[in-house]
Amino acid sequence: MTESPQRKRVCEDNDSQFACNECKRRRSKCSRDVPTCSLCLKHHRHCLYEKTNRSPLTRKHLTQVEEELRISRKVIQRHFPTMDISRMVQEIKNGSNIDELIDSFTTTQSSPTQKNSSPTKNNIKNLLTIDDGLEDLQVPQLVPSSVTENGSHKSSTDLSPVSYNWDERNLPHGNRQASIIDGIATMDTNGYLGSPSSAALINLVGGGFFFHKPHGDGGDGNHVNEEVLTNIPRNTLEGYINQYFQTFHVSYPIIYEPIFMAHFNEIIVPPQGWESLMYMVAAIGSFMSGVSPEQNDDLTLFELAKSKLSMEIMERGNLTLVTTITLMSNYLQKRDKPNSGYSYLGLAVRMALGLGIHREIDRHGESLLEKEMRRRIWWCLYIFDCGQNITFGRPLCIPCAGIDTSLPMNIPDSCLTALTKQMPVPENEPTIYTSVRLQSLLHLLTNGIYERIITDPFPSASQLLARDKKYLERWKKLVPPYYDESASVGDKFKLSKCELEWRFRNLRILMYRTFLLKRVVISSQDSSDQYERQAGEICLQECSKVIKSMNHFWCSKPDHNRMETWYTLCFVVPAALMPLVCLRNNPSSANADSWRNDVITAQNIIASLTSICPSAAKLSDLISTLGHGYLYTQPNATSPEPTATDESPTSQLLQLHSMLWPVSFDLEQQFNLT
């Protein structure tokens, strides 16, 4: 058979050695006839030969591409004068969303008003999406440039060698009045403390005021005095357990009280390892309800709880053990052993993930109550992990990816029992689970922001303002009216509600204090960046609101305990230090009186709780030392008006460098110290 005159054989050159698309897809031998090969002609297929396009490797082509790039950069700069294009390209290479980056430069435009309605569904994805359900509001994880780039980072200072070794084994029992200050990262204790920790800011403004010796000498720390581990009377134990459910449990309901008390009263047989949990609950109840430093029964109870565990816990896992270790972690942080608590928490997280309680899985024979208990344990563990890492400025341990278990329902315990067959309707009023739900949502929406501010390169003010509007404002819309900051709640829920507000405002302080320090320390007059000015103003506003909220909280209740003291100290330090820095650097400012009032109010709050925590007096002393000559004025005095501190901007910033920013933070470039 002769070939048709319309069909020709494909030339046998290097550019035409490939089969047509249809033959390649079917892995058939192609005749390579044009315009149609024999198989496509036979089966009436669309025959198409694709030629691989490659950029020509010529100087002319490269020059053309470079010219197009130059013009494109000029066009972008015309529309976005403040945009750092190289930085933006690097962030896109690191996985940032290009639309999100563009939005960060248009923050002055107000976003459309969204309907303020409480979500009715308990599903995490439904709660974290915009009303149209099309956009997920979790910030993507950032891959730091130090991971993707070669070469060493430029640093304007030579950082001295540091050791993060730590030893927090027991102090001798003769010295049982442990501090609780290190548990909120206000001192430079051994162990790594990142830029968001309060110790970072204290070491800036205090010049090493709190550098102190590490715990003990690590001698015979693991030895437990058997005489201390005496049996606690049952009525005393029960009293401390009741205190636990009246204090700590209201904010962090990781335990289902009815079942726990049934175990305690021997109505039902407790599971393996429950005895350690019992002593741990009693220890926290004793510590949290304490009103004086002499109340130290919690130390003995903790040793009892620890004595019921062994290294075998590494070889088994159950929910009772997860709960016990989680509570141990939180207790140790509050009892001046933050690094030990950090290690315990890591074990609890890994064990919980191994048990799969982070997934919404239907387990055969599991009751509605058991499923809800798993959710409560997971989300309490989640917020403990987020809160502790933010306190110490460390990377987050629990990623958002892979978590799909529902939030705890906002219901009282009486509405859900072991016999319940249908999930009850959520309450439209505060319960002990309201705070867990809202704090979990806060971390889910804002953990990406936290990851950005502890990662190099430090984000710009415009980027943070854009994320603030997108994520923090979204969270505020999820807060129900009965738990809003202006809502009135009973005494039982006052601390959990205030703590939630303080966490929200503290995050904004951490986000923006870098730009405030840049303006105040370098020059309060020469800042031309409107976004940085706005960021600094927001930081000071949030500091003032935190202090006013704390003052109202402490004045609204006649009696207070260690739990309230601990959370107050945790958030008052960063809120008080920022207006103090402003006052020292610009005492003649029109806002000086406002800064002075905020600092004095914060100092009075700290002074009022020294009867519960004597070591807090060190914080008050710090404020007095730094505020000497700035805080209190004498109308009839002949002394001149206070002047700004004479410490040079470079000196102040060099003190900051190793503490407030990542190691690779380019101080000269960021603050123009050239």
Requested in this report: Would you check if residue 268 is at negative phi, assigned to a loop (DSSP other than H, G, I, E, B) and within 29 Å of the chain's Cα centre (by Cα)?
Outcome: no
Query - Failed condition for residue 240, given (1) modelled with pLDDT under 95; (2) more than 16 Å from residue 332 (Cβ to Cβ); (3) hydroxyl-bearing (Ser, Thr, Tyr) - result: (1)
Report task. Specify the residue that is nearest to residue 450 (Cα to Cα); the eligible residues are those in the range 482-492 that are touching a residue at least 12 places away in the same chain (Cβ under 8 Å) and surrounded by fewer than 20 Cβ atoms within 10 Å (Cβ to Cβ). Result -> 485
Query - Positions within the range 603-620 being under 16 Å from residue 563 (Cβ atoms) and crowded, with 19+ Cβ neighbours inside 10 Å, in sequence order - result: 605, 609, 612, 613, 616
Query raised in the report: Regarding residue 341, is this residue of a type in the set (Gly, Ala, Ser), out of contact with any Pro (no Cβ under 7 Å at 6 or more places or on another chain) and assigned to a loop (DSSP other than H, G, I, E, B)?
Result: no
Report summary line: Listed by first then second residue, the pairs whose first member lies in the range 30-44 and is in contact (Cβ under 8 Å) with a residue 24 or more places away in the chain, whose partner is assigned to a loop (DSSP other than H, G, I, E, B) and surrounded by 15 or more Cβ atoms within 10 Å (Cβ to Cβ), with beta carbons under 6 Å and at least 6 positions apart or on separate chains, are 34/10; 36/47
Requested in this report: Go through the range 393-408 and give me each residue that's under 16 Å from residue 447 (Cα atoms) and small (Gly, Ala, Ser).
Outcome: 393, 401, 402
Query raised in the report: Can you tell me which residue in the range 303-337 is nearest to residue 349 (Cα to Cα), limited to those that are hydroxyl-bearing (Ser, Thr, Tyr) and either in contact with a Gly (Cβ under 7 Å, 6 or more places away or on another chain) or part of a helix (DSSP H, G or I) (or both)?
Result: 326
Report summary line: The lone condition residue 477 fails out of (1) of a type in the set (Lys, Arg); (2) farther than 29 Å from residue 431 by Cβ; (3) out of contact with any helix residue (DSSP H, G or I) (no Cβ under 8 Å at 6 or more places or on another chain) is (2)
Query raised in the report: If you take the residues in the range 346-405 that are free of Cβ contacts under 8 Å to residues at least 24 places away in the same chain and of a type in the set (Lys, Arg), which one is surrounded by the fewest Cβ atoms within 10 Å (Cβ to Cβ)?
Result: 363
Report task. May I ask you to verify whether residue 488 is more than 21 Å from residue 416 (Cβ to Cβ), outside any helix (DSSP H, G or I) and of a type in the set (Ser, Thr, Tyr)? Result -> yes
Requested in this report: Filter the range 344-379 for residues that are within 21 Å of residue 316 (Cα to Cα), part of a helix (DSSP H, G or I) and among the hydrophobic types (A, V, I, L, M, F, W, C) and give the result.
Outcome: 345, 347, 348, 349, 351, 352, 353, 355, 373, 377, 378
Query raised in the report: Looking only at residues in the range 67-83 that are β-branched (Val, Ile, Thr) and surrounded by 11 or more Cβ atoms within 10 Å (Cβ to Cβ), which one is modelled with the highest pLDDT?
Result: 76
Query raised in the report: Looking at (1) surrounded by fewer than 17 Cβ atoms within 10 Å (Cβ to Cβ); (2) free of Cβ contacts under 8 Å to residues at least 40 places away in the same chain; (3) more than 22 Å from residue 625 (Cβ to Cβ), which is the one condition that is false for residue 593?
Result: (3)
Query raised in the report: Does residue 387 meet the test of being on the phi > 0 side of the Ramachandran plot and modelled with pLDDT of 90 or more?
Result: no
Query raised in the report: residue 423: farther than 30 Å from residue 516 by Cα, hydrophobic (A, V, I, L, M, F, W, C) and touching a residue at least 60 places away in the same chain (Cβ under 8 Å), yes or no?
Result: no
**Report entry** Condition met for residue 600 (β-branched (Val, Ile, Thr), at pLDDT 80 or above and buried (at least 22 other Cβ atoms within 10 Å of the Cβ))
**Finding:** no
Requested in this report: State which residue pairs qualify: first residue more than 12 Å from residue 238 (Cα to Cα) and of a type in the set (D, E, K, R) and inside the range 275-289, second residue at pLDDT below 95 and surrounded by fewer than 24 Cβ atoms within 10 Å (Cβ to Cβ) in any location, beta carbons under 7 Å apart, and separation of 6 or more residues or different chains.
Outcome: 275/308
Query - Residue that is modelled with the lowest pLDDT [pool: residues in the range 269-311 that are of a type in the set (Val, Ile, Thr) and surrounded by 15 or more Cβ atoms within 10 Å (Cβ to Cβ)] - result: 300
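Going residue by residue through the range 433-448, is there one that turns out to be in a loop (DSSP other than H, G, I, E, B) and either aromatic (Phe, Trp, Tyr) or surrounded by fewer than 21 Cβ atoms within 10 Å (Cβ to Cβ) (or both)?
Within the range 433-448 (the criterion being in a loop (DSSP other than H, G, I, E, B) and either aromatic (Phe, Trp, Tyr) or surrounded by fewer than 21 Cβ atoms within 10 Å (Cβ to Cβ) (or both)), the answer is yes, since at least one residue qualifies.
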Report summary line: Selection from the range 425-463 of residues of a type outside the set (A, V, I, L, M) and in contact with a Pro (Cβ under 7 Å, 6 or more places away or on another chain) yields 427, 431, 433, 437, 448, 452, 455, 456
Report summary line: Of (1) over 28 Å from the mean Cα position of the chain (by Cα); (2) at pLDDT 95 or above; (3) under 29 Å from residue 407 (Cβ atoms), residue 380 fails just (1)
Report summary line: The condition from (1) surrounded by 18 or more Cβ atoms within 10 Å (Cβ to Cβ); (2) among the aliphatic types (A, V, I, L, M); (3) under 31 Å from the mean Cα position of the chain (by Cα); (4) in a helix (DSSP H, G or I) that residue 237 misses is numbered (3)
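The values are calculated or read from the model by the stated rules, or taken from the named source; none is laboratory data. Source: prediction; values computed, not measured. Neighbour counts are summed over all protein chains in view; Cβ atoms, including those assigned to glycine, are modelled from backbone coordinates with ideal geometry.
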